[in-house]
Every structure is written in C-alpha cells, then in structure tokens.
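Undergrad: Quick one: the structure is below, questions incoming.
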Amino acid sequence: MKQHSIFIVLFLSVLLFSFSKKRELSPDDLEDPPGCIKLGSNRYIDKNEVRNLDYLEFLHWVKKVFGEQSSEYKSIVPDTSCWKELGPYYNPFSSYYLAHAAYRNAPVVGISYSQAKQFCKWRSDRVMEFILIREKIIEHDPSPNPENYFTIEKYFRGQYKNIIPAHSFPFYPEYELPDSAGYMQALNFSDSLYKTVKSKSTRQLLEPRYFDNIEGRSDSARYGPDPLKHASNHLFKKNLVADLRGNVRELTTDSARTFGGSYIDSSATVQTKLFYSHSGSNCYTGFRNVCRYKKWNFQ
C-alpha cells in the first residue's frame, strides 16, 4: 500500500528556502520544517505526536532498502504486543492498531527510546534529501540500497554519488527528541494559544485526552474502546501544538523520563504532573520531534 508522508506532502507544498543573491543564506531565511511550527529562533516542534502513518513510512523505507530480514529493519519494528498489558479487551489492538487505516493519524506507541532516535535520524536525512532534489542539486533515486542511500553526512563529505556539495547551501534540518526545556517552552506556547482559540470544535481538539474524559470509557472495559485521539489533519495547517498533556506520554532526551501524561492517567494527574519515570516501550507512550537548522562546517 502506497503511503503518503506528511513530511513529503508538506515539504512539496511550501517554499522551504528564500534565496537572496545579496547576502549569505542564514537560518532566518528558512521556512518551518515540515510538520512543525516555530517556537523561537531556529527552534521548531511538531504540531502533533508522530503518527502511525509516519512510522509506517519509516518501516517501509528501511524494509525497501535493507530487506525485511535485515537487522536494520528488525531493530525498528514496534512492540505491538504492548496493548496486552491493558487486558484481554485490547488484545486485538496488537494486530491492527499500527497498520489499520482507521488509526493512521493516531500516535505511534510501543516504541523504544532507541527506535525513536533512529526515526529522528531517518527523518532528518529524508527531509534534507527532498530539499536537495527539489532544488535540483541531486536527482531522485528510486532504488536506494545499503551502499548508495542518501545521508546528510555522505552528501556534505562528497561521498554521495561523488556529488560535490554546494557550499552556498550549507544548512540541514536536525530532528531530535525534545528536552525538558523544549517541552516547557512548547507547553507555555500551547497554553497561551489555547486561551485565544474561539472555535469550540478546535478547543475540543486541543483538550487533553486522559482517563476521566475518554468517550465510551467504562470500568468493565477499563479504558474504553478507543483510548487514543486521532490527530486532526487540519491541525497541521494551523499554528497549534496539540496533546502536550494527555493522549500519550512523550519521550524526551532523557531515556528514563517522559513528558505529559496519557489516557491512562487521571485529570488530576495530567493537570499537576508534567514528567514521569520511564522504562521500555508501552502502549501509552509515543513521541514527537523538535527541529533546528544546523550549518555544516566545511573544512
């Protein structure tokens, strides 16, 4: 099944670079990275958690390049059995939550810290690759393989198909997990924005999703039939940061610490507690990315 990445769609729909012949290009000339909004000078964050659809594209690309039996592919497959910890009612989620079309915009879960870091690197490389393709600096390669696939390092070192890197084009996007300060900055931004939103439907989309307000929740089913809120596509078109509190906890740069609470937490918890201890993958923790533009140091 052909996947349509938010990274590619958004990238091709905006002009990423504003060129000027009168002065050297700087980070201030760069548009927001795909899927992100600007929090401050050269500081961007995802509007929503990384979705199942986004991670499926990651899986598809790695399988295509390295093969389904490769260690590279096997190392990034999520732990879909994580849903079983919620009880028998959720056993079916292990089979269809990641891949079913109904959940394509829901946050990916069952991801380890290492897998999230690998996704960050892959996302950085793919966005940079499309930047260079669109600017006609490199050509699209329809059949990458383990020896010739694009990375930022290969390109700037002149090791990608012997292409000499353009010194006039020295910036590249670096996606990462947010640190504690980044989350607090995003939370202050989001809380301030929430107070200005007049549309009731939009305000509902920004409401945190936690144990007490899950529609259809019952004690017998424990968490209800659909614990995770789907990211609304139109949020990607607005300057909103959604689900920082509730929905799923989110990985940080500290592998033993997550941010934000989740659908298994009570309203009292998500409103008063921001950081949680973390160990291993589970069905209530996902992640989002921050991004900044870095300048390659040509030597």
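The values are calculated or read from the model by the stated rules, or taken from the named source; none is laboratory data. If you're wondering where the values come from, they're calculated on a predicted model, not measured in any experiment. Note: ideal-geometry Cβ built from the backbone for every residue, glycine included; neighbour counts use all protein chains shown.
Yes/no matrix, rows are residues, columns are (1) at negative phi; (2) within 15 Å of the chain's Cα centre (by Cα); (3) among the β-branched types (Val, Ile, Thr):
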| site | (1), (2), (3) |
| --- | --- |
| Arg245 | yes, no, no |
| Val248 | yes, yes, yes |
| Asp254 | yes, no, no |
| Gly261 | no, no, no |
| Thr269 | yes, no, yes |
| His278 | yes, no, no |
| Tyr284 | yes, no, no |
| Arg288 | yes, yes, no |
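Undergrad: Just one of the numbered conditions (1) within 16 Å of the chain's Cα centre (by Cα); (2) not in a loop (DSSP other than H, G, I, E, B) is not true of Ser95; which one?
TA: (1)
Undergrad: Name the pairs whose Cβ atoms lie under 7 Å apart, with the first residue in the stretch 44-65 and buried (at least 20 other Cβ atoms within 10 Å of the Cβ) and of a type in the set (Ser, Thr, Tyr), the second part of a helix (DSSP H, G or I) and modelled with pLDDT of 95 or more, and 6 or more positions between them or separate chains?
TA: Going by the 7 Å Cβ cut-off, the qualifying pairs are Tyr55/Phe119.
Undergrad: Note down all Cβ pairs under 6 Å where the first residue falls in the stretch 177-200 and is at pLDDT below 75, the second is exposed (fewer than 15 other Cβ atoms within 10 Å of the Cβ), and they're at least six residues apart or on different chains.
TA: Qualifying pairs under 6 Å: Val197/Arg203.
Undergrad: Could you tell me which residue of the stretch 102-129 is nearest to the chain's Cα centre (by Cα), considering only residues that are at pLDDT below 95 and either within 19 Å of Tyr175 (Cα to Cα) or part of a loop (DSSP other than H, G, I, E, B) (or both)? Full working, then the answer.
TA: Within the stretch 102-129, the subset at pLDDT below 95 is 102-107.
Next cut, either within 19 Å of Tyr175 (Cα to Cα) or part of a loop (DSSP other than H, G, I, E, B) (or both) only: 104-107.
Details: Arg104: 13, Asn105: 11, Ala106: 11, Pro107: 9 Å.
Filtering first and then ranking leaves Pro107.
Undergrad: For residues that are under 25 Å from Thr258 (Cα atoms) and of a type in the set (Ser, Thr, Tyr), scanning just the stretch 94-142, find the one that is surrounded by the fewest Cβ atoms within 10 Å (Cβ to Cβ).
TA: Among those residues, the one meeting the criterion is Ser114.
Undergrad: Does Ser41 satisfy the criteria of being farther than 19 Å from Thr258 by Cβ and small (Gly, Ala, Ser)?
TA: Details: farther than 19 Å from Thr258 by Cβ: yes; small (Gly, Ala, Ser): yes.
Here the answer is yes, as Ser41 does meet what is asked.
Undergrad: Report, by residue number, each residue of the stretch 143-169 that is surrounded by 15 or more Cβ atoms within 10 Å (Cβ to Cβ) and of a type in the set (Lys, Arg).
TA: Lys154
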